[in-house]
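Asks: Attaching a single structure in structure tokens format; questions to follow.
Any read-out appearing in this document is the output of simple, stated calculations on the displayed coordinates, not a laboratory observation. Here the structure is a predicted model, which means the values were calculated and not measured. Backbone-built Cβ (ideal geometry, glycine too); neighbour counts: all protein chains shown.
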Amino acid sequence: MSSRPQSSGVRSRSGAGRPSSSQQQLHGGSQAWSAAGDDVDVANPTVLDQEPEACQSDNPFEHPDGQTEPEVEEAHGCWFRFKRGVRAIWRTNMTEDTREDRELYIKTTLRELIVYLFFLIVLMVLAFGMTSSTMYYFTSVMQAQFDQAPNSETQTTFSTATTIADWWRFVKGPLLEGLYVTNWYNNLNFSDSREVNFVYYENKLLGVPRLRQVKVRNDSCSIADDFKNEIKACYAMYSPGVEEKSPFGYMNSTAWNHTTEKELDGRSYAGQIASYDGGGYYVDLTRNRDDSAAIIEELFKGLWIDRGTRVAFVDFTVYNANINLFCVVKLVMEFPATGGAIPSSEYRTVKLLRYVEPRDYVVLICEIIFMLFICYYVVEEVIEIKRHKLGYFKSFWNWLDILVIIISLVCAGFNVYRTIAVGNKLTELLKDESKFPDFDFLSYWQLQFNNAIAITVFFAWVKIFKYISFNKTMTQLSSTLGACAKDLVGFAVMFFIIFFAFAQLGYLIFGTQVKDFREFQQAIFTLFRIILGDFDFHELENAHRVLGPIFFLLYVFFVFFVLINMFLAIINDTYSEVKSDLANQPNDFEMTDYFKERAGKVMDKLNIKRDKIIDIQKAMQSADVNNDRQLDFEEWRAELKMRGYADGEIEAMFAKYDVDGDRVLDEEEQRRMTSELEGQKRNLETNAAALNDQIQSERDRPASARSTADLGADADDRLRSSRRGVSGGSGGGGAGVSSEEFTVLARRVDRMEHSIGSIVSKIDAVLVKLDAMEKAKLRRRETMSKLLDSISENEAVSDEQKREQMEQLVREELERWESEPVDAAPASSRAATARGRSAGASRPGSAAGSGSGAEARY
């Protein structure tokens with residue numbers, strides 16, 4: 001039996017306590033009491049501040065070799081305790097053997113999930129702390145100023161420019177007007193000279209803008225012989241092999257002399273037509289509008305942009321201190337060999353100064369915590385690899401863990417580099433504002449950093465499936481895709497053969513007229529858009545009145561109506577099979593069942609403590625035997641001894657309320673004890689009622705709110721529990737068979753009957769074959785007897801011939817017996833009979849007509 005806990009915190013091992021009858025009925029003895037004692041104290045009553053504990057021997061922690069737990073721990077020493085504590089920090093399902101221990105598996109999974117959720121929260125704060133909607137609005141206003149501002153002459157904008165002249169109008173007009181703001185909107189000058197050159201009065205121009213162009217040589221292409229007399233110059237499409245690098249024009253500055261990419265510390269740029277080198281001919285403007293206008297006018301008059309120019313860049317950077325954001329702008333105008341101009345632009349709004357506002361320091365703290373998490377997961381993966389060796393790499397989730405860790409480490413390294421590089425760049429800029437600040441490299445890698453963090457967030461959210469995959473409802477997606485993977489691969493081959501055939505057909509027919517088919521890769525994207533309903537039928541029809549509609553109808557019919565629906569049919573069919581299989585399979589465990597079980601234990605513990613309080617209240621009423629309203633220690637001890645309490649518990653509880661120490665509880669001390677016990681009782685009843693309502697609401701949840709798979713799993717769990725004799729509630733036995741249990745049992749009986757029926761049919765087939773073999777054996781024996789009698793009675797044949805004929809017949813019959821199947825036995829017997837007849841007819845000395853006599857004898 002279990003002993004009562006002492007209020008002083010010391011458990012008694014000498015006395016064997018006796019639980020009350022209500023406890024015995026509710027919990028079935030000390031085992032239930034011990035199980036309830038493993039949980040935390042919910043109500044935490046002061047009179048019973050220790051958890052109940054099963055003490056089935058004087059030392060419950062005794063080892064088989066006689067050593068106690070403290071002795072064994074002391075024998076191992078501090079290093080053993082340290083290693084055990086460290087291992088507990090990195091305890092996962094892959095480092096522990098949880099296959100047979102359901103509760104350990106649940107606890108480990110929950111622990112992993114909780115730790116991972118904290119990691120995910122930190123990652124989300126870090127990721128969203130780097131971006132905001134303000135970045136979009138900043139980019140939008142900069143685009144409006146430079147992409148969409150019209151020039152005063154033709155009202156064309158940079159984004160609508162189509163000629164070299166349009167580019168010059170933009171550079172002379174909207175570009176200078178947007179970058180060099182020297183007065184207010186009412187033409188009043190700024191009071192402070194430091195306020196000039198602020199785009200929209202808020203965005204400071206850093207350093208000076210830069211104009212750069214890349215050219216090709218005049219001899220970069222070959223002219224057809226028929227036109228050599230008419231055409232003298234030829235400028236090819238841009239490629240590194242035909243780039244112009246010789247001086248031209250005035251040849252007095254970098255604007256007229258080529259500078260390499262390495263000297264400029266630049267990087268190549270991928271435009272709409274080609275990828276251009278980071279060098280070329282460049283000129284840096286000034287911080288004064290008039291001087292910059294004079295430089296541009298000199299370039300214009302010197303024909304800086306000519307037929308050999310293939311691309312012209314305008315680069316500058318602005319900084320908004322209000323929102324602590326940089327905007328690195330690159331305005332690109334490509335001049336293809338076809339003539340005309342193709343504009344494009346790139347606005348990189350980035351946050352290069354990371355730690356300025358209080359919010360930024362919160363992000364810094366999250367970055368530090370994030371790196372601690374990464375170190376934690378690195379150690380965890382190393383431990384798992386050490387334990388499982390190459391088997392570790394067979395799991396998809398482990399590869400995902402490695403990918404997240406690698407991306408995170410790369411991002412952390414760039415974060416440190418970016419902080420140092422931006423500081424150095426700004427230091428150089430503040431020393432000399434007349435230089436061009438090249439933030440192109442930093443802004444590019446900052447965007448890649450943001451993209452890497454976004455990918456990490458994506459994979460981090462996907463990884464949540466690893467921790468919730470214990471429920472079969474959560475595995476339907478992965479199970480469906482895994483089951484139909486082979487079918488999808490085979491179908492994908494057929495799909496892409498037809499898809500690429502249509503893509504090439506569209507590119508070859510419409511590539512010269514329709515923008516969406518101008519390149520093969522664009523044709524592929526266009527066909528994907530048609531599948532999603534985004535298409536321009538009239539553009540195809542205008543390109544070719546006959547082939548356009550035919551191409552569109554054939555593509556929509558074969559790809560959209562046939563192939564896409566086949567793809568969906570494969571997935572739907574597999575999903576139905578997977579869902580049916582999952583419905584008939586029990587879960588490894590249900591998390592809701594685990595929480596219900598834990599809640600039930602807490603309820604049991606609350607009921608135990610409530611019973612103890614009631615027990616003590618009754619003892620106070622009946623312990624005063626002499627009715628003097630004074631409860632002395634002997635009366636108290638005698639009453640509680642009868643109720644199963646140990647001496648240590650009785651002493652500690654009495655001393656708690658015996659304030660004056662006279663070994664007697666007077667009326668005031670008894671009232672205080674009664675008041676405290678009643679308050680604790682009410683708290684316990686309130687907590688128990690709330691917990692009971694929660695459990696009851698879960699049980700009363702409508703069946704429609706549960707999945708069929710959960711019901712099937714619950715039924716299987718209840719069947720297993722009923723076999724062990726464990727009831728579903730806190731009390732005694734079960735209350736009959738539920739409909740779910742009956743369904744499971746009926747399904748099992750049907751499967752058993754089907755299996756037995758198959759076995760019976762196979763046994764019947766074997767018996768039929770054995771009977772046929774027996775009949776064939778009898779017929780063969782009878783035939784052989786008749787043949788032997790016929791040979792022996794034939795007097796015209798010598799004994800030697802008779803013996804040879806008999807041996808031949810026996811040999812043939814044995815060979816026939818070994819080679820022929822069982823079912824053919826009767827037929828072989830008939831064949832042997834016929835051969836016997838022919839043998840009798842061909843005996844020596846017999847005439848042709850004497851065969852009838854032999855046949856008659858047979």
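Asks: Hey, for a label at residue 570 modelled as a point 7 Å past Cα toward Cβ, could you say which residues of the stretch 507-532 have their backbone N under 20 Å away?
Replies: 528-529, 531-532
Asks: Further, regarding this structure: Residues in the stretch 397-415 near a label at residue 478, defined as backbone nitrogen under 19 Å from the 7 Å Cα→Cβ point?
Replies: Answer for the stretch 397-415: 397-405.
Asks: For residue 485 and residue 81 in one chain, what is 0.36 nm times their gap in residues minus the Cα-Cα distance, to one decimal in nm? Spell out each step's value before the answer.
Replies: Numbers: separation 404, 0.36 × 404 = 145.44 nm, distance 4.83 nm.
Once the chain is fully extended between residue 485 and residue 81, it gains 140.6 nm.
Asks: Report the label-to-label distance for residue 162 and residue 452 in nanometres (one decimal), using points 7 Å from each Cα along the Cα→Cβ vector.
Replies: Going from the residue 162 label point to the residue 452 one covers 4.4 nm.
Asks: Right, something else. Label-point separation (nm) for residue 534 and residue 245, each offset 7 Å from Cα along Cα-to-Cβ?
Replies: Each label point lies 7 Å from its Cα, and together they span 4.2 nm.
Asks: Continuing with the same structure: What number, in percent, do you get for the relative contact order of the stretch 133-350 if the mean sequence gap of Cα pairs under 8 Å and at least 6 apart is divided by its residue count?
Replies: Values: 384 pairs, mean separation 51.9, N = 218.
Averaging sequence separation for qualifying contacts and normalising by length gives 24 percent for the stretch 133-350.
Asks: Please work out the FRET efficiency for the pair residue 137 and residue 750, using the Cβ-Cβ distance as r and a Förster radius of 51 Å; give the result to the nearest 0.05.
Replies: On the way: r = 66 Å, r/R0 = 1.30.
Calculated transfer efficiency: 0.15.
Asks: Of the options 272, 349, 156, report the single residue whose Cα projects farthest towards the positive end of the charge dipole of the stretch 133-350 (beta-carbon charges: Lys, Arg +1; Asp, Glu -1).
Replies: Checked the options; the winner is 349.
Asks: I would also like to ask the following. Students often get this wrong: which residues of the stretch 311-333 have the backbone nitrogen under 12 Å from the point 7 angstrom along Cα-to-C-beta of residue 359?
Replies: Label zone hits: 323-325.
Asks: Roughly speaking, what is the stretch gain from residue 513 to residue 307, that is 0.36 nm per residue apart minus the C-alpha to C-alpha distance, in nm to one decimal?
Replies: Numbers: separation 206, 0.36 × 206 = 74.16 nm, distance 2.51 nm.
Working it through step by step, the gained length comes to 71.6 nm.
Asks: Moving to a separate point now. Determine the gain in length on full extension of the stretch residue 228-residue 504; use 0.36 nm per residue of separation and subtract their C-alpha separation, reporting nm with one decimal. If you can, show how the numbers build up before the last one.
Replies: Details: separation 276, 0.36 × 276 = 99.36 nm, distance 3.53 nm.
Roughly 95.8 nm would be gained on extension.
Asks: Let me ask you something else. Near residue 392, within a Cβ-to-Cβ distance under 11 Å, what is the net charge of the other residues, with Lys and Arg +1 and Asp and Glu -1? Intermediate results must be reported in sequence, preceding the final value.
Replies: On the way: positive: 386, 387, 389, 394; negative: 381, 384, 401.
Around residue 392, the surrounding residues sum to +1.
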